[in-house]
Every structure is written in C-alpha cells, then in structure tokens.
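There's a structure below that I have some questions on.
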Amino acid sequence: MGNENRIINGLLKLHIVLCLLFIFAPIAGSFVFSLNSDRFPSLPLGTFSTDWYRAIWEDPLVWQGFGNTLIVGLTVAVIATLLGFGGAYTDFRYNFTGKSIYVALALLPPTIPVVIMGLAMLAFLSRINLSGTTISVIIAHGVMCAPFAMAIIRLRLSQMDPDLEAASWNMGGNQWQTLRYVIIPFAKPAIFAALFITMAVSFDEFAVAWFVSGLNETLPVKILGFLQGQVSPRINAIGSLAFLSSMTLIILAQLLLRSPEDQKK
Amino acid sequence: MTKRPTFFSLILSLPLLIWQLTFFLFPLLFLVAISFWTVRNFQMTPDLNFGNWERVLSRGVFWDAYLRTFILATAAAAITSAIAFPASYAISFKMSEKAKRWMIFILIIPFFTSYLVRVYSLQVFLSDAGIINAAFAYIGLGPFSMLNNAFGVIVGMVTLTLPLVILLQTFSLNFVNRDLIEAAHNLRCGRLRTVFAVIAPSAKVGLVIAALFSFILSFGDFVSPLYLGGGNPPTLSIMITDFTKSGQQWPRAAVVAIMMIATLLTTAFAAITYAYKERGK
C-alpha cells in the first residue's frame, strides 16, 4: 500500500469520529441531562442537580420495576445459557437430518420484529392463562436470549481441539464425565459471558415485556410508560444507571472471553 | 454416523428445541390462526372468518401505512449503508489489529444501552427548542423542524442500526483478499475505482446482508416512528400496538403482523438471492 493519501485518510478518520459522535451523542446526552436541573434541557444547560436521581430513588414503582427486572434478568440468564449450551454443543458435536432446521429455529428469534414477537407471545400466553405474569416475561426473554447464548458458546467450542474429547473417551471417560471435566471447563469463559450478555439483553428489552408483562412491569417497560406520559428526565437517570450496570456486565463478559487467549501468549 | 440418538445427546439437544417450538414457533403459528378468529364483546372466539383480512386489506389506511413503513425502512437501510461504508472501509483497511478490536468493542456498546433512553435523549437534541436548534440559533439559523416528521424517524432508525451495519460491513471487508487490491493498484486502477470495482463486489454478500439487517430492524421498529415521528400517520408496527393495546383487536393486529412477516421474508429472500447472484459464474 505505497500510495497512501494523507488527505483521504484524514477524511476517513474524521468520518469515523463523526459516526461515533452520532452514535454516542444520545448516550452521553442522557448522562448529562440526568444531572441537569432542567426538565427539558437545552443550550445553555441548567445547573448541576441530582434531583432526578432522588426522584427515582424515592419512587416505589421504580423499585418494584427494578425488582422485577432483576428477577427476570437472573432467571432468563440461567435458562437461556443452559438452553444455549445444549444447542451449541449439539451443533458442535452431532450431525443429523434436519440439523439446519434445528439451528435455524434456535437462532431465528432476534430477526422477528419485537412488536410481532410481543403480539404472538401475548396471544399465546393469554390463551394458556400466563399473560400478565412475571413468568410470561421470562418465557419471552428466554426465547429471545437463547440464540445469543448459543452463538457465544458455539464460537468458543469451535476453538476447541476436537481431539480433546476423543482423548477423554480413550482414557475411559464416558460422555457425562467428558462433558463435566473437559467441555464445560473449556467453555467456562463463554458460559459466563453468555450469562452476563443474556442478562444485559433482558435488562434492556422493553417491547415484548411491554406486551406480556401486565402489571408486573420491568424497568424498561416503566420507561416506556414515562415516555408516553409527560416529559420526565427521570428516564435519563434510570437509563444512566441501567447503562452502567449493563456495561459492567459486558466488560466482565469481555474480560472472560479474552483472558484465555492472553494466557496463551 | 447415523446411530440412534443417545440419552446424553437428547438431554442436551432437546430442551432448546422444545422451548423454541413451544414458545417461539407455536405462538407465531397461533398468530396465523387468530387472524381468522372473530371478536365479540371484547372476547376472541375461534372461527374461520376472513373478515379481519378483508377489513384490514381493503382499507386505504393500511396500504398507506404499508407504503410509508416500506419507504422509511428502505431509506433508513440505504442511508445507514452509505454512512457506514466509509467507516467500515477505514476500520478494515486502515487500522491496526489492536485498533480494530477496540473499534469493534466500542461499536458493540450501543447494543447494551436502552434504545428507549437513546430515543428520549434524541428528542431533547432534535426538538424545536432543543440542543441542536439552540446551537443553530447561536449562528443565526433555524429553528429547523426535526421532530415529528420523517427526518426524526430516519435519525432514530439510523441510530438504531448504524453500529450493527458498520460491524457487519467491517467483518465482510476483512475477508476481502488483500492481493486483489494490490493487483488492482498494479494494474493502475485508481483508488476510488478500486473501491467500487474490486472491494465492494468482493464484499457484496456482507454489504447486502448488512443493509438487509438495517431494513429488517427499521421495518419493525415502533419506537422511532412513535416518539420521533409523532406516531401519526402510523406505521405498521404502530398499527399493531394500537390494535392490541386499545380495542382488543388482536385478530386484526395479527393480520398486520403476518403481512409484515411476509414482506420481511420476501425482502430477505430477494436480497440474499441478489447477494449470491453471479458469484459462481
């Protein structure tokens, strides 16, 4: 690449910076607005204030929503990761007729628009009298999160030397022992990453939860309610806290996924 | 290797299959079924009635919304792809491996922020008395109307899909054979021409699929049209929420949903056929 052109490279860099600015301005804005006294922030910004955080701290409905979010998120993470692990191992280990259908069925849910998922779930769950319960949110989020868990764990399994399993069998380990002592330890970082990422996905999902949750609203559904009501910077305060918790989960997942490679080096 | 499945393999593979069949495929099929049901006194009764289909499909409001949604999503996909491409190109071809990994990490972050919160924040940026118009006012311009119109909706959709499109484009550009570019340069192919005649065609599948994802997400999004577009006139996804939340017209909502899925499948099929066309030749 001898003929590097400085002007073009500079413009490309500028373009990336603008893209990132566009992507992150709303996120950064929400942080700034959450610490701003104005109900409707504009330039020049108002004074520094933690009123919105106090408002959500003192709102029992927010706490209730937070509780629901936490219960749903933790349960969904465990269910989705277990399902995803099974699916990932099946895809890794076995060949069978209809496998592509199996994989497609497992991975398709994120491509269906959330309104349609929400409607389908609502219609189905209310038919079996589960609509409006926390369980219904868990079921719906399980469907939406399992593909992510499966993809993450599958990726890790594909880095595994297939001879490892054979070696374990040769040394007399049965399938269960191989799973327990070879595969799970190898996939462990990905399993934890899947737990954290599915939890983060569930924490932020509002549309399907809005359809099926009834009165057991999760926090994102509460935010949707705030949005429909009057302008309220409480959204920014909740959003900032949610962002920080999601980011903590993602960074933990990232560290877990990266560490084995770094150890190798 | 066609043996009888072992107990072990079934324990691992079946839970996911059963879960997705029961809670994903079945609800979607059930949606098709209820589109033929009737609603009396706010109660759905099983039926084989084409009335919902007739009522929805014969109304101009539905087709207006359909066209609007389709155009908005197409525009969003085109604009997002156009904005993303130079960025993906720069990430893939101009950055070190380490910088690339950082960019990918940074671009994943938005997936884990609440889209609702971002849209609310965008309202503050875009409104008539908002941040951007205040900034314009300093230099004596505006105010520009950027909220409750198509511009607002597109901004929201681009916000939603840009990170994903950049990531997908970058991955596909990473697979472009670097020797091809070297060869093009040796043959005195200009920079821009190399991009359009060599790089874009060899990354075509990835570029088309990135645009397709942008289309799918934008087509189904109800938050941008509602909170940045004002919700009136409605898009298809707003129609679904309206039919469902007020009036209990689930069968009609189901009709709209099936039309949406049919459109998405057709578009996806067309896009993928286009993406793989002429490659084997």
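The values are calculated or read from the model by the stated rules, or taken from the named source; none is laboratory data. Note that the structure is a prediction, hence the values are computed from the model and not measured. We place every Cβ from the backbone using ideal geometry, glycine too, and count neighbours over all the protein chains shown.
Residues being under 21 Å from the mean Cα position of the chain (by Cα) and either farther than 15 Å from B:Ala65 by Cβ or away from chain A (no Cβ under 13 Å) (or both): count how many of those fall in segment B:180-229. Before you say what the answer is, go through the steps one by one.
At the first step, the residues of segment B:180-229 found to be under 21 Å from the mean Cα position of the chain (by Cα) are B:203-229.
Narrowing the set further to residues that are either farther than 15 Å from B:Ala65 by Cβ or away from chain A (no Cβ under 13 Å) (or both) leaves B:203-217, B:223, B:227-229.
Of the residues in segment B:180-229, 19 are under 21 Å from the mean Cα position of the chain (by Cα) and either farther than 15 Å from B:Ala65 by Cβ or away from chain A (no Cβ under 13 Å) (or both).
Another question about this same structure. Please work out which residue is nearest to the other protein chains (Cβ to nearest Cβ), limiting yourself to segment B:75-92 and to residues that are closer than 15 Å to B:Ile209 by Cβ and either surrounded by 20 or more Cβ atoms within 10 Å (Cβ to Cβ) or of a type outside the set (A, V, I, L, M, F, W, C) (or both).
Filtering segment B:75-92 for residues closer than 15 Å to B:Ile209 by Cβ gives B:77-78, B:80-81, B:84-85, B:88.
When the remaining residues are screened for being either surrounded by 20 or more Cβ atoms within 10 Å (Cβ to Cβ) or of a type outside the set (A, V, I, L, M, F, W, C) (or both), the result is B:77, B:80-81, B:84-85, B:88.
Numbers: B:Ala77: 14, B:Thr80: 10, B:Ser81: 13, B:Ala84: 7, B:Phe85: 10, B:Ser88: 9 Å.
Result: B:Ala84.
If A:Ala88 passes every condition in (1) in a helix (DSSP H, G or I); (2) surrounded by fewer than 20 Cβ atoms within 10 Å (Cβ to Cβ) but one, which one does it miss?
(2)
Across segment A:94-120, what is the total count of residues that are assigned to a helix (DSSP H, G or I) and touching a residue at least 12 places away in the same chain (Cβ under 8 Å)? Spell out how you get there, then give the answer.
From segment A:94-120, those assigned to a helix (DSSP H, G or I) are A:99-107, A:109-111, A:114-120; that's our starting set.
With touching a residue at least 12 places away in the same chain (Cβ under 8 Å) added as a condition, the list becomes A:102-103, A:106-107, A:109-110, A:114-115, A:117-119.
Looking only at that region, the number is 11.
Based on this model, can you work out whether B:Phe23 counts as closer than 30 Å to B:Gly156 by Cβ and surrounded by 12 or more Cβ atoms within 10 Å (Cβ to Cβ)?
Spelling it out, B:Phe23 is indeed closer than 30 Å to B:Gly156 by Cβ and surrounded by 12 or more Cβ atoms within 10 Å (Cβ to Cβ).
For residues that are under 23 Å from the mean Cα position of the chain (by Cα) and part of a helix (DSSP H, G or I), scanning just segment A:127-141, find the one that is nearest to the other protein chains (Cβ to nearest Cβ).
The selected residue is A:Ile139.
Please go through segment A:91-110 and give me each residue that is more than 8 Å from chain B (Cβ to nearest Cβ), among the hydrophobic types (A, V, I, L, M, F, W, C), over 21 Å from A:Trp176 (Cβ atoms) and surrounded by 13 or more Cβ atoms within 10 Å (Cβ to Cβ), ordered by number.
A:Val103, A:Leu107
Taking the conditions exactly as written (in a helix (DSSP H, G or I) and at pLDDT 85 or above), does A:Phe226 satisfy them or not? Steps first, please.
Numbers: in a helix (DSSP H, G or I): yes; at pLDDT 85 or above: no.
For A:Phe226, the condition - in a helix (DSSP H, G or I) and at pLDDT 85 or above - is not met.
Please enumerate the residues belonging to segment A:167-179 that are surrounded by fewer than 13 Cβ atoms within 10 Å (Cβ to Cβ) and within 14 Å of chain B (Cβ to nearest Cβ).
Passing the criteria: A:Asn174, A:Trp176.
Okay, moving on. What number of residues within segment B:239-259 satisfy the criterion of being buried (at least 23 other Cβ atoms within 10 Å of the Cβ), touching a residue at least 60 places away in the same chain (Cβ under 8 Å) and aliphatic (A, V, I, L, M)?
Of the residues in segment B:239-259, 5 are buried (at least 23 other Cβ atoms within 10 Å of the Cβ), touching a residue at least 60 places away in the same chain (Cβ under 8 Å) and aliphatic (A, V, I, L, M).
Here's a follow-up. Taking segment A:142-182 as the search range and keeping residues that are of a type in the set (Val, Ile, Thr) and at pLDDT 90 or above, which one is farthest from the chain's Cα centre (by Cα)?
Going residue by residue through segment A:142-182, those that are of a type in the set (Val, Ile, Thr) are A:143, A:152-153, A:178, A:182.
Next cut, at pLDDT 90 or above only: A:143, A:152-153.
Details: A:Val143: 12, A:Ile152: 12, A:Ile153: 15 Å.
Across segment A:142-182, the extreme among qualifying residues is A:Ile153.
Right, next: Checking the condition surrounded by fewer than 13 Cβ atoms within 10 Å (Cβ to Cβ) and not in a loop (DSSP other than H, G, I, E, B), which residue from A:Leu21, A:Leu83 passes? It would help to see each step written out before you state the result.
Numbers: A:Leu83 fails: surrounded by fewer than 13 Cβ atoms within 10 Å (Cβ to Cβ).
After applying the criteria, what remains is A:Leu21.
Restricting to segment A:41-70, give me the number of residues that are more than 23 Å from the chain's Cα centre (by Cα) and farther than 12 Å from A:Ile235 by Cα.
To start, the set of residues in segment A:41-70 that are more than 23 Å from the chain's Cα centre (by Cα) comprises A:41-61.
Adding the requirement that they be farther than 12 Å from A:Ile235 by Cα leaves A:41-51, A:54, A:57-61.
The total comes to 17.
Count, please, the residues in segment B:108-128 that happen to be facing chain A (nearest Cβ under 7 Å) and either at positive phi or of a type in the set (Ser, Thr, Tyr) (or both).
4
Considering A:Ala88, A:Ala25, A:Ala80, which residue is in contact with a Leu (Cβ under 9 Å, 6 or more places away or on another chain), under 30 Å from B:Tyr89 (Cβ atoms), of a type in the set (A, V, I, L, M) and within 11 Å of another protein chain (Cβ to nearest Cβ)? Spell out how you get there, then give the answer.
Values: A:Ala88 fails: under 30 Å from B:Tyr89 (Cβ atoms); A:Ala80 fails: under 30 Å from B:Tyr89 (Cβ atoms).
Just one listed residue meets the conditions, A:Ala25.
Can you tell me which residue among B:Phe7, B:Phe62, B:Phe36 is aromatic (Phe, Trp, Tyr), in contact with a Leu (Cβ under 7 Å, 6 or more places away or on another chain) and more than 8 Å from every other protein chain (Cβ to nearest Cβ)?
On the way: B:Phe7 fails: in contact with a Leu (Cβ under 7 Å, 6 or more places away or on another chain); B:Phe62 fails: in contact with a Leu (Cβ under 7 Å, 6 or more places away or on another chain).
Matching residue, one of B:Phe7, B:Phe62, B:Phe36: B:Phe36.
Also, quick follow-up: Specify which of the listed residues (A:Leu256, A:Leu244, A:Leu224) is more than 9 Å from every other protein chain (Cβ to nearest Cβ), under 27 Å from A:Ser37 (Cα atoms) and of a type in the set (A, V, I, L, M).
On the way: A:Leu256 fails: under 27 Å from A:Ser37 (Cα atoms); A:Leu224 fails: more than 9 Å from every other protein chain (Cβ to nearest Cβ).
So the residue among A:Leu256, A:Leu244, A:Leu224 that is more than 9 Å from every other protein chain (Cβ to nearest Cβ), under 27 Å from A:Ser37 (Cα atoms) and of a type in the set (A, V, I, L, M) is A:Leu244.
A follow-up question, please. Quick one: would you say B:Phe144 is at pLDDT below 85 and either within 26 Å of B:Ile71 (Cα to Cα) or at the interface with chain A (Cβ under 8 Å from one of its Cβ atoms) (or both)? Spell out the reasoning first.
Values: at pLDDT below 85: yes; either within 26 Å of B:Ile71 (Cα to Cα) or at the interface with chain A (Cβ under 8 Å from one of its Cβ atoms) (or both): yes.
Spelling it out, B:Phe144 is indeed at pLDDT below 85 and either within 26 Å of B:Ile71 (Cα to Cα) or at the interface with chain A (Cβ under 8 Å from one of its Cβ atoms) (or both).
Could you run through segment A:1-12 and say how many residues are at pLDDT 90 or above and at the interface with chain B (Cβ under 7 Å from one of its Cβ atoms)?
Result for segment A:1-12: 1.
Within segment B:169-223, restricting attention to residues that are acidic (Asp, Glu) and modelled with pLDDT under 90, which residue is surrounded by the most Cβ atoms within 10 Å (Cβ to Cβ)?
Within segment B:169-223, the subset acidic (Asp, Glu) is B:179, B:182, B:221.
From the residues that got through so far, the ones that are modelled with pLDDT under 90 too are B:179, B:182.
Values: B:Asp179: 8, B:Glu182: 13.
The extreme case among them is B:Glu182.
Now for a different question. Just wondering, is there one or more residues in segment A:30-53 that are in contact with a Pro (Cβ under 7 Å, 6 or more places away or on another chain), more than 8 Å from chain B (Cβ to nearest Cβ), loosely packed, with under 15 Cβ neighbours inside 10 Å and not β-branched (Val, Ile, Thr)?
Yes, that holds for at least one residue.
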